[in-house]
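Engineer: Input: one structure, supplied below.
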Amino acid sequence: MSSKYASIFFIAINLILIITALERNIVWVNEMTLWQDVMKKSPLKARGYNNGGQVYISIGLYQKAVDVLRVSIDLDPSFEETHYNLALAYFKMGNFTDAIKEFKKTIDIGTVIVKDLTPN
């Protein structure tokens with residue numbers, strides 16, 4: 001009788017592990033689903049919004065990037081990479097005035113590695 005319960009317990013544990021693995025695989029489908037999950041689960045941490053903003057920039061959704069990056073700055077105004085990414089999003093949108101302001105904030109805070117500055 002006890003081996004029957006042990007088998008049921010083993011099967012139940014394996015099912016839980018399989019379901020958990022499948023849920024994590026859904027989150028890791030691509031970078032955007034990963035960072036959306038991070039933003040959802042850690043809404044008070046700037047890095048998730050910054051990284052989500054980077055992904056939006058990389059796929060050409062610049063206004064969405066600006067919106068997400070502003071949240072990151074609200075959470076941590078001293079996070080220089082977010083100011084840089086916001087400047088990059090503005091630059092890609094052709095909003096050079098705001099881009100220059102954010103680039104200056106980046107310089108005031110510290111130094112970041114210069115990334116792609118080709119306007120679309």
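The values are calculated or read from the model by the stated rules, or taken from the named source; none is laboratory data. Given the structure is predicted, the values throughout are model-derived calculations rather than measurements. Cβ: placed from backbone, ideal geometry, glycine included. Neighbour counts: every protein chain shown.
Engineer: Exactly one of these conditions fails for VAL68: (1) loosely packed, with under 15 Cβ neighbours inside 10 Å; (2) of a type outside the set (Gly, Ala, Ser); (3) modelled with pLDDT of 95 or more. Give me its number.
Structural biologist: (1)
Engineer: Counting only residues that are within 12 Å of the chain's Cα centre (by Cα) and in a loop (DSSP other than H, G, I, E, B), which one in region 29-65 is modelled with the lowest pLDDT?
Structural biologist: That would be ASN30.
Engineer: For region 5-45, give me each residue that is among the hydroxyl-bearing types (Ser, Thr, Tyr), over 30 Å from ASP76 (Cα atoms) and surrounded by 10 or more Cβ atoms within 10 Å (Cβ to Cβ).
Structural biologist: Quick first cut of region 5-45, residues among the hydroxyl-bearing types (Ser, Thr, Tyr) only: 5, 7, 20, 33, 42.
Those still in the list that are over 30 Å from ASP76 (Cα atoms) too: 5, 7, 20.
SER7, THR20, listed by residue number.
Engineer: Tell me, which residue of region 9-28 that is in a helix (DSSP H, G or I) and within 30 Å of SER58 (Cβ to Cβ) is modelled with the lowest pLDDT?
Structural biologist: If we take residues in region 9-28 being in a helix (DSSP H, G or I) and within 30 Å of SER58 (Cβ to Cβ), then VAL27 is modelled with the lowest pLDDT.
Engineer: Return the residues of region 77-113 that are part of a loop (DSSP other than H, G, I, E, B) and modelled with pLDDT under 95; say none if nothing qualifies.
Structural biologist: Selection gives PRO77, SER78, PHE79, GLY110, THR111, VAL112, ILE113.
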